[in-house]
2 protein chains.
Amino acid sequence: MSPDHILEIGYAFRKSKALLSAVELGLFAALAEGPQGADALSRRLGLHGRGARDFFDALVALKLLDRDAGGRYANAPDCSIYLDPNQPTYIGDLVEYLNVRMYRTWDLLTPALRQGAPQCGPAAAGGFEDYYADQATFEIFLKGMTGGSRLLARALAERFPWDAYETVIDIGTAQGCVPVEIALAHPHLTGGGFDLPQLQPAFASYVRKHGLDGRLAFYPGNFFEDPLPNADVLIMGRVLHDWDLPARRLLLIKAYEALPAGGALIVHESYIDDRRRSRPHSLLASLNMLIQTDGGSEFTARECMTWMREVGFGKTRVVRLAGGHAGVVATKVRGAKRRVRVGRRLPCVYSSS
Amino acid sequence: MSPDHILEIGYAFRKSKALLSAVELGLFAALAEGPQGADALSRRLGLHGRGARDFFDALVALKLLDRDAGGRYANAPDCSIYLDPNQPTYIGDLVEYLNVRMYRTWDLLTPALRQGAPQCGPAAAGGFEDYYADQATFEIFLKGMTGGSRLLARALAERFPWDAYETVIDIGTAQGCVPVEIALAHPHLTGGGFDLPQLQPAFASYVRKHGLDGRLAFYPGNFFEDPLPNADVLIMGRVLHDWDLPARRLLLIKAYEALPAGGALIVHESYIDDRRRSRPHSLLASLNMLIQTDGGSEFTARECMTWMREVGFGKTRVVRLAGGHAGVVATKVRGAKRRVRVGRRLPCVYSSS
């Protein structure tokens with residue numbers, strides 16, 4: 001029995017970082033204009049000659065670049081689609097977020113496991129509002145969230161019966177990536193995004209860029225203090241995973257209250273598989289919540305459906321999205337009784353008050 | 001075409017760090033004593049309850065742990081062999097080196113590529129001698145080198161015709177892992193290890209621990225300033241990759257001069273494949289040399305054989321070792337002429353003078 005599996009995992013951070021640096025350096029953007037030899041490509045990216053060829057060839061060996069018989073490098077087919085900034089399928093902004101933030105954050109995994117407390121990110125910064133006060137952090141975070149949402153937003157636009165609804169509001173919308181993709185695919189829909197007031201300019205600019213300012217509006221608020229806006233469909237994507245269970249329940253109750261009878265809530269997350277043994281990505285995403293939040297974690301779709309039914313939702317079902325994400329859809333049935341009572345205002349670490 | 005390959009690579013640092021932290025926390029050592037449930041294991045490792053189960057289950061999903069129907073965790077079979085500190089096959093010291101040093105070092109890949117200059121490690125510290133001055137750095141480096149050498153040293157002990165030789169000296173031996181494994185397997189051999197004088201205590205203690213102090217001696221020196229010691233077989237493992245081409249040639253010449261006619265030099269490295277497209281590990285290892293040394297890089301076995309023949313060696317051949325490493329064996333033929341002349345003493349950044 002060889003140690004190859006252990007060594008492959010142990011050294012895997014190096015291949016990650018090669019990709020992350022390649023995006024940072026604009027490598028895939030440069031090659032989107034056409035194949036280039038090592039020297040020209042080095043000059044274009046501002047690389048020192050030493051190491052450049054090893055770097056390019058490492059990316060060839062990782063099947064992220066191709067190299068032809070003349071030694072010219074080109075983007076691999078998937079990189080042409082997803083790492084060319086001019087493609088609507090671009091996810092390089094997510095990769096930049098991994099590069100600038102998450103890679104070094106994970107160096108703090110051991111103390112996070114020992115303390116059970118956030119080491120950095122919104123919670124360590126004192127809440128999302130303080131976290132957003134630093135403009136550079138704010139922008140890289142926003143772009144990262146958008147890059148990480150685009151593909152699953154498109155899948156959600158395809159795989160939900162939008163024809164049956166008129167309005168949709170995305171709760172915790174950031175730049176508005178999710179409502180934008182859905183509105184682009186379904187011209188009859190109107191609605192928008194709800195988030196902290198600081199997000200208004202970023203949302204407005206992103207929505208305008210996509211020509212949707214006539215159909216999508218920004219709803220400012222704090223979802224622990226304010227009621228949620230009304231719409232036929234509410235979406236919460238990667239929101240519940242930031243918080244502990246009482247806060248999740250409160251948010252589900254608020255969504256239930258904001259929906260009309262017949263309305264639907266869609267909660268999309270990187271769900272852990274029910275047996276907690278087949279999706280390393282989700283379990284590692286949960287550790288990312290450990291490192292960055294006070295009480296957050298990933299959870300299973302089954303857990304989410306249980307909480308939804310506990311607060312009064314009727315039918316629940318799972319819709320597969322992209323990149324291992326899924327959406328749990330819960331419907332508010334007319335006259336259904338909520339089983340959990342909201343008897344108190346929850347203490348909230350991230351509250352602005 | 002899905003973005004899964006890009007995302008798998010982009011996020012791979014998280015699975016690395018989960019393994020690295022597991023070794024740091026003593027997880028595999030604890031489970032080597034027997035299976036344990038999540039709570040007992042958390043207490044044993046000093047983990048906070050929050051995150052512990054996700055951590056263990058992430059390792060299950062990564063196939064590094066098993067979990068039985070009763071929820072008890074056990075080491076996966078390969079981890080029982082390679083990550084139990086009581087096994088002679090232990091490579092956890094290499095993993096600790098990756099955890100404490102290399103993971104964060106790689107956050108500096110982008111500036112290393114731009115500048116072509118080391119960002120940390122021996123070269124940035126002003127040379128190996130200054131690098132070794134910090135005791136904690138020194139120990140983790142030494143243990144890491146030993147952990148990274150043990151399996152290939154055993155393969156080398158098996159796959160070279162040691163019966164034809166009497167003496168062996170390992171150049172740049174650190175703790176002496178390589179000569180120890182070879183001497184353990186071949187009781188007729190004597191010899192030892194050559195390295196900077198600072199390494200003497202670590203070498204002496206490691207050799208004594210293996211009961212080999214009667215057969216293996218330490219040869220102190222600086223291989224750029226002093227002649228190499230004489231032996232039937234000289235070994236240089238992960239030495240040439242630290243230096244630029246003129247320094248590599250000088251070291252090969254010195255080895256040639258120190259060998260008797262009929263003697264052999266073995267150079268083992270993580271060789272890049274000749275077509276520079278099929279072994280990402282070696283190409284990434286070369287970038288590690290970019291980050292940590294002034295002129296180092298990995299290279300192909302064919303390049304190494306060319307340099308060896310240029311300095312006068314006769315036959316050369318490749319011996320496959322473990323973990324993607326290989327040894328290039330070069331024989332000194334009686335009366336052969338060296339094609340390259342040593343006309344000068346090389347300037348050397350790491351020299352002690």
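The values are calculated or read from the model by the stated rules, or taken from the named source; none is laboratory data. Computed from a prediction, not measured in an experiment: that's the story for all the values here. Note that we place each Cβ from the backbone using ideal geometry, even for glycine, and neighbour counts take in every protein chain shown. These accessible areas exclude ligands, DNA and RNA; they are computed on the full protein's heavy atoms, side chains included. Shrake-Rupley method; radii C 1.70, N 1.55, O 1.52, S 1.80 Å.
Flag: B:Ala29 matches the condition of being under 30 Å from B:Val180 (Cβ atoms), in contact with a Gly (Cβ under 9 Å, 6 or more places away or on another chain) and more than 7 Å from chain A (Cβ to nearest Cβ). Of the residues making up region B:53-66, those that are within 7 Å of another protein chain (Cβ to nearest Cβ) and over 29 Å from the mean Cα position of the chain (by Cα) are B:Asp54, B:Asp57. Report yes if A:Arg159 is in contact with a strand residue (DSSP E or B) (Cβ under 7 Å, 6 or more places away or on another chain) and open to solvent by 40 Å² or more (accessible area, probe 1.4 Å), otherwise no. Criteria met by A:Arg159. A residue that is surrounded by 15 or more Cβ atoms within 10 Å (Cβ to Cβ), in contact with an Asp or Glu (Cβ under 9 Å, 6 or more places away or on another chain), under 26 Å from B:Asp242 (Cα atoms) and of a type in the set (Asp, Glu) occurs somewhere in region B:162-178.
Comparison of B:Ala133, B:Ala217 shows that the only residue that is surrounded by fewer than 21 Cβ atoms within 10 Å (Cβ to Cβ), among the small types (Gly, Ala, Ser) and within 21 Å of B:Thr293 (Cβ to Cβ) is B:Ala133. Any chance region A:179-195 includes a residue that's over 18 Å from A:Glu139 (Cβ atoms) and in contact (Cβ under 8 Å) with a residue 60 or more places away in the chain? No; the residues of region A:179-195 include none that is over 18 Å from A:Glu139 (Cβ atoms) and in contact (Cβ under 8 Å) with a residue 60 or more places away in the chain. Within region B:67-89, if we keep just the residues that are open to solvent by 50 Å² or more (accessible area, probe 1.4 Å) and in a loop (DSSP other than H, G, I, E, B), the residue that is farthest from the other protein chains (Cβ to nearest Cβ) turns out to be B:Asn86. Scanning region A:32-49 for residues that are open to solvent by 10 Å² or more (accessible area, probe 1.4 Å) and under 13 Å from A:Leu65 (Cα atoms) gives A:Ala32, A:Gly34, A:Pro35, A:Gln36, A:Gly37, A:Ala38.
The residues in region A:294-308 that are away from chain B (no Cβ under 14 Å) and either open to solvent by less than 10 Å² (accessible area, probe 1.4 Å) or within 13 Å of A:Arg248 (Cα to Cα) (or both) can be counted, and the count is 5.
Among the residues of region B:108-116, is there at least one that is open to solvent by less than 20 Å² (accessible area, probe 1.4 Å) and at positive phi? Yes; the residues of region B:108-116 include at least one that is open to solvent by less than 20 Å² (accessible area, probe 1.4 Å) and at positive phi.
Would you call A:Asp93 at pLDDT 90 or above, in a helix (DSSP H, G or I) and open to solvent by less than 20 Å² (accessible area, probe 1.4 Å)?
On the way: at pLDDT 90 or above: yes; in a helix (DSSP H, G or I): yes; open to solvent by less than 20 Å² (accessible area, probe 1.4 Å): yes.
In short, yes.
Going through (1) in contact with a His (Cβ under 9 Å, 6 or more places away or on another chain); (2) within 28 Å of A:Pro201 (Cβ to Cβ) one by one, A:Leu94 falls short only on (1). Selection of first residues in region B:258-278 that are within 15 Å of B:Ala326 (Cα to Cα) and in contact (Cβ under 8 Å) with a residue 40 or more places away in the chain and of second residues that are open to solvent by less than 30 Å² (accessible area, probe 1.4 Å) and among the polar types (S, T, N, Q), restricted to Cβ pairs under 8 Å at least 6 apart or on distinct chains, gives the following pairs, ordered by first then second residue: B:Ser270/B:Ser282; B:Tyr271/B:Ser282; B:Tyr271/B:Thr300.
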